[in-house]
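What follows is a short report on a single structure.
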Amino acid sequence: MNEFRPLMMRSNRLLGASLVEHSLIKIEVLEQANERLLELMASASDVPVSILQILVVEKKAITEQQILNFLSEEMGLGVVDLTNYDQPDEIRKKLDPGACWATWSVPFDTEEGVNFVASAFYLSPAVRSYWESELNGPILWYATTTENVSEFLTKLQLDRENIAAGEKAAT
């Protein structure tokens, strides 16, 4: 996770700035959330942190549903739930969970050269530019929640651990 710390910090900061820019939260609330984010980042080295979770859970300044509505209505994004989505193996194998946690985004499919990415942090320009530079081809963005990204990445990690344990037991 440490290799993605600068990306995580930038993603969170620019998401907060974008929320203020779009009048979804007030600057004073963002300043408090940024202080809390720095505290959490200093105390938890490998635990993914999110300014969005601070704003939603601790500060109750906004709900993720409000953000999803904004992204859908104002920016034309689709909303996706990855709970039961079966990600193609070629994407699953190449996916770097550290980058996904840092950006709260998951490339979940590709079709005819178009990448499908679900993101709880779409409003962060750092997130969009990171994935645009990492993925080959255009991106079709979808909005999702931090909980959905977290569940998806936790399941991915468990699947990888089970595969590794199976391979180890076979040798």
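The values are calculated or read from the model by the stated rules, or taken from the named source; none is laboratory data. This one's a predicted model, so the numbers in the text were calculated from it and none came from an experiment. Quick reminder, even Gly has a Cβ in these numbers, built from the backbone with ideal geometry, and neighbours come from all protein chains shown.
Somewhere in region 38-46, is a residue at pLDDT 95 or above and loosely packed, with under 14 Cβ neighbours inside 10 Å? Within region 38-46 (the criterion being at pLDDT 95 or above and loosely packed, with under 14 Cβ neighbours inside 10 Å), the answer is no, since none of the residues qualifies. The C-beta contact set for region 30-41 (first residue assigned by TED's automatic domain parsing to the domain that holds Ile54, second residue loosely packed, with under 13 Cβ neighbours inside 10 Å, distance under 7 angstrom, 6+ apart or interchain) comprises Arg36/Glu58. When you check Thr154 against the structure, is it in a strand (DSSP E or B) and more than 18 Å from Val79 (Cβ to Cβ), yes or no? No.
Inside region 94-106, residues that are surrounded by 18 or more Cβ atoms within 10 Å (Cβ to Cβ), out of contact with any Cys (no Cβ under 8 Å at 6 or more places or on another chain) and without any contact (Cβ under 8 Å) to a residue 60 or more places away in the chain make up a count of 2. Exactly one residue among Ser124, Ser50, Ser72 is in contact (Cβ under 8 Å) with a residue 60 or more places away in the chain, among the polar types (S, T, N, Q), assigned by TED's automatic domain parsing to the domain that holds Leu24 and within 20 Å of His22 (Cβ to Cβ), and that residue is Ser50. Looking at Val56, Val20, just one residue is surrounded by fewer than 18 Cβ atoms within 10 Å (Cβ to Cβ), over 17 Å from Thr154 (Cβ atoms), hydrophobic (A, V, I, L, M, F, W, C) and out of contact with any Phe, Trp or Tyr (no Cβ under 8 Å at 6 or more places or on another chain), and that residue is Val20. Report yes if Tyr142 is in a loop (DSSP other than H, G, I, E, B) and not assigned by TED's automatic domain parsing to the domain that holds Val47, otherwise no. No.
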